[in-house]
């Protein structure tokens with residue numbers, strides 16, 4: 001089979017993206033570095049980076065999207081086996097574990113750029129609703145109507161992102177308490193999601209227990 005030029009370009013872009021991910025691991029380049037510096041670390045050329053990604057923000061957006069897609073594979077496994085609340089805690093753990101700060105900062109940097117030029121970041125923007133959809137499906141599975149489930153999922157994701165921004169700007173803030181409050185708000189709703197015998201502090205206990213377990 002003969003590949004078209006667009007297919008060959010796509011393959012080359014994916015290989016280059018894989019080199020970037022291998023070079024930086026779970027971290028993200030700082031917006032203050034140059035394409036030449038990134039290229040040197042990935043052992044490629046800045047001309048190739050510019051050709052396939054357009055600019056430094058394009059590189060950051062592509063890397064973020066790929067890293068988040070990889071994370072989502074693990075989070076989807078939690079969704080298959082757990083509850084809405086389990087997935088909320090898993091998302092929080094995924095983005096507050098050690099080594100994630102550069103990615104979280106990079107995320108808000110790219111989001112800020114996308115807010116000014118959404119058409120330049122359309123693929124990245126379109127990927128931002130992935131976990132909202134999964135959370136909405138879990139909420140429906142646990143008894144909420146479709147519209148209410150989507151609203152709950154949307155507000156939950158927005159709250160998590162707001163708390164992550166708070167973690168970046170004021171790390172001493174007690175975000176675990178806020179996550180526990182999000183969980184309690186879901187539990188206090190009437191309907192099948194409410195679990196008999198669960199005390200109000202259960203959300204925070206679960207967060208603290210999972211954080212202790214994630215230290216290894």
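Total residues in the range 43-52 satisfying the condition of being in contact (Cβ under 8 Å) with a residue 12 or more places away in the chain and either over 20 Å from residue 11 (Cβ atoms) or surrounded by fewer than 21 Cβ atoms within 10 Å (Cβ to Cβ) (or both): the figure is 6.
Assessment of the range 62-71 against the conditions (surrounded by fewer than 13 Cβ atoms within 10 Å (Cβ to Cβ), within 18 Å of the chain's Cα centre (by Cα) and under 24 Å from residue 163 (Cα atoms)) yields at least one matching residue.
Residues are listed down the side, and each one gets a yes or a no for (1) in a helix (DSSP H, G or I); (2) surrounded by fewer than 16 Cβ atoms within 10 Å (Cβ to Cβ); (3) at negative phi:
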{"residue": "133", "(1), (2), (3)": "yes, yes, yes"}
{"residue": "136", "(1), (2), (3)": "yes, no, yes"}
{"residue": "144", "(1), (2), (3)": "no, no, yes"}
{"residue": "147", "(1), (2), (3)": "yes, yes, yes"}
{"residue": "154", "(1), (2), (3)": "yes, yes, yes"}
{"residue": "161", "(1), (2), (3)": "yes, no, yes"}
{"residue": "166", "(1), (2), (3)": "yes, yes, yes"}
{"residue": "180", "(1), (2), (3)": "yes, no, yes"}
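May I ask you to list the residues in the range 109-128 that are exposed (fewer than 14 other Cβ atoms within 10 Å of the Cβ) and under 14 Å from the mean Cα position of the chain (by Cα)?
Hit for the range 109-128 is 126, nothing else.
The number of residues in the range 21-40 that are surrounded by 14 or more Cβ atoms within 10 Å (Cβ to Cβ), in contact with a helix residue (DSSP H, G or I) (Cβ under 7 Å, 6 or more places away or on another chain) and more than 21 Å from residue 96 (Cα to Cα) comes to 4.
With respect to being assigned to a helix (DSSP H, G or I) and over 19 Å from residue 128 (Cβ atoms), residue 49 fits the description.
No value in this document is a laboratory result; all are computed from the given coordinates. Model, not experiment: these values are computed from the prediction. As a convention, Cβ positions derive from the backbone with ideal geometry for all residues, glycine included, and neighbour counts pool all protein chains shown.
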